[in-house]
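Notes to accompany the following structure.
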Amino acid sequence: MPGHDTARDVYRQALPVILVSLVAGLFAGTILGSETMRAGISEVPGLLLLLPAFLATRGGVYGSLGARLSTGLHQGLIEPRFRLDRRLRNAILASFINGMTVSVFIAVVTYLWLTLLGTEGNLLQLVGIMVVAGFLSAVLMISVLIAVIFVGYRRGLDPDNVIGPVVTTLGDVFGVLFLLVGIYIVGVVL
Amino acid sequence: MTDEWSIRRIVRTMIPLLAALSVLQLVSGTVLETYEAVLVSNPALLVLVPVQIGTAGNLASITCSRLTTQLYLGTYELDPSNPDLRANAGAVFALAGTVFGVVGVAAWAIGVALGGTLGLGRVLLVSLVSGMLLAVLVVVTSVAAVEISYRMGFNPDDTTIPVVTNVCDIAGVLILFAVVSVVV
């Protein structure tokens, strides 16, 4: 009977999902603990400050894109085809704008907070890193989400059940990885 | 009729929410920044950060959606002897014990591979103690959130998961470093 399981039932059902996200978390953690990243953390003031906000917004932006596409499919408003009709294009563009705006916002707020804490920060450096990491995340998350949702939907998977794990897993792993790429590129350019 | 699929509308609804959320996340960022020196010299602890945040959110969303379903089915009751409530809480503690045990060993091994010097005992202790405290917090905040939204007439499906997962994300980092400052 639904909602009437024993602790053992709940444990058994939840463990696989938790373990998948655990593996993703460990991957993200390994990138975070790598020598290059630790050097970056020491060199760029504010990097640890913006990390939780940057990772959390991945879930917010692309989780809501996934939920929107899934609702649209269920309502028959969009079709599971890789053709840009107005609704699909708008949903994609809006999540891109959201992702980029919030990334820049995080960089600016982090800079202000650093200044308030009395630490010397570099606004251009923080904005640069967030723009690179935000842009790469947007491209990857949007393409993978659309592919997974459409292909899954055509094969009879309910996208509502797939979006959560896909967004958290990819968001964490690639969020940290693209942050590292951002540090590297900004280090070369500046 | 308003167009639910206009770019302007999607952006306008989401941006304030996302901005507020990221300002809130600066709380955990500030804690991380405070421990920068400890984190940089102990990679095992850096490995724990995303895992702790992710698992807290997962456990919280499972607990909240179960409690909400039980509320609708009429089997939920705020009483320590309620069988469904006990099953939820028991499962969260068992999951936390399993996951944070595995995480402790994995974070220690990865930390050693990355050049860290922290011993297995300490990493495991940090992971398990902070993980179990987190489980207590997940159960308490989920029950509180479901109770409060039910009494105030909100649909717990809409309100509890975003609130509780964000609270647990942030609290996850706070608890982790409270334990780190005692153990390491």
Original post:
Ignoring ligands, DNA and RNA, how much accessible area is buried between chains A and B, both sides summed, with a 1.4 Å probe, to the nearest 100 Å²?
Top reply: 4900 Å²
Original post:
What are the trypsin sites (Lys or Arg not before Pro) within region A:1-85 that DSSP puts in a loop, where the Cβ has at most 14 other Cβ atoms within 10 Å?
Top reply: A:81, A:83
Subject >> Surface per residue (accessible, 1.4 Å probe) for chain A, Å² >> reply: 46 Å²
Original post:
For residue A:35, what accessible area in Å² do you get when you roll a 1.4 Å probe over the heavy atoms of the protein chains, rounding to the nearest 10?
Top reply: 140 Å²
Subject >> Normalised contact order of region B:96-170, rounded percent, pairs of Cα under 8 Å and 6 or more residues apart >> reply: 27 percent
Subject >> Calculated [θ] (222 nm, deg cm²/dmol) that DSSP helices of n ≥ 4 give over the protein assembly as shown, each run adding -39,500 (n - 2.57) >> reply: -30000 deg cm²/dmol
**OP:** Within region B:5-37, which residues have the backbone N less than 18 Å from the label spot 7 Å out from residue A:86 along Cα→beta-carbon, could you tell me?
**Re:** B:5-11
Original post:
What FRET efficiency comes out for the pair residue B:120/residue A:139, r = Cβ-Cβ distance, R0 = 45 Å, nearest 0.05?
Top reply: 0.70
**OP:** Using only protein heavy atoms and a 1.4 Å probe, report how much of residue A:85 is accessible, in Å² to the nearest 10.
**Re:** 60 Å²
Original post:
Please state the relative contact order of region A:76-140 as a whole percent: Cα pairs under 8 Å, 6+ residues apart?
Top reply: 33 percent
Original post:
Once you sort the root eigenvalues of the Cα gyration tensor of region A:76-190 as a ≥ b ≥ c, which label holds: rounded (a/c under 1.5), prolate (a/b larger than b/c) or oblate (the other case)?
Top reply: prolate
Original post:
Is the shape of the protein assembly as shown best called rounded, prolate or oblate, per the rule: a/c under 1.5 gives rounded, else a/b larger than b/c gives prolate, else oblate, with a ≥ b ≥ c the square roots of the Cα gyration tensor eigenvalues?
Top reply: oblate
**OP:** Please determine, in degrees from 0 to 90 and to the nearest 10, the orientation of helix B:120-151 with respect to the longest principal axis defined by the Cα atoms of chain B, where the helix direction is its Cα long axis.
**Re:** 10 degrees
Original post:
Is region B:137-184 rounded, prolate or oblate when judged by the Cα gyration tensor, a ≥ b ≥ c being the square roots of its eigenvalues, rounded requiring a/c under 1.5 and prolate requiring a/b larger than b/c?
Top reply: prolate
**OP:** Kindly express, to the nearest 10 degrees and within the range 0 to 90, the angle between helix B:83-113's C-alpha long axis and the longest C-alpha principal axis of chain B.
**Re:** 30 degrees
Subject >> Of the DSSP H helices in chain A, those whose Cα atoms cover at least 30 Å axially and whose Kyte score averages -1.0 or more >> reply: A:7-33, A:47-75, A:86-117, A:123-154, A:159-189
**OP:** Using only protein heavy atoms and a 1.4 Å probe, report how much of residue B:181 is accessible, in Å² to the nearest 10.
**Re:** 70 Å²
**OP:** Go through region B:159-169 residue by residue and turn each phi into a ³J(HN,Hα) via Karplus (6.51, -1.76, 1.60, θ = phi - 60°); whole Hz please, and just put x for glycine and proline.
**Re:** 9, 5, 4, x, 5, 5, 5, 5, 4, 6, 4
Subject >> Projected label distance in nm at residue B:147 and residue A:43, using a 7 Å step from Cα toward the beta-carbon >> reply: 5.2 nm
Subject >> At R0 = 22 Å, FRET efficiency that the Cβ-Cβ distance of residue A:124 and residue B:13 yields, to 0.05 >> reply: 0.10
Original post:
If contacts are Cα pairs under 8 angstrom and at least 6 residues apart, what is the relative contact order of region A:34-190 in percent?
Top reply: 33 percent
**OP:** About the Cα centre of the protein assembly as shown, how large is the charge dipole given +1 on each Lys and Arg Cβ and -1 on each Asp and Glu Cβ? Please answer in debye to the nearest 20.
**Re:** 760 debye
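The values are calculated or read from the model by the stated rules, or taken from the named source; none is laboratory data. Fair warning: this is a prediction, and the values are worked out from it, not measured in the lab. Here Cβ is always computed from backbone atoms with ideal geometry, including for glycine, and neighbour counts include all displayed protein chains. Accessible surface areas use protein heavy atoms only, side chains included; no ligands, DNA or RNA. Shrake-Rupley method; radii C 1.70, N 1.55, O 1.52, S 1.80 Å.
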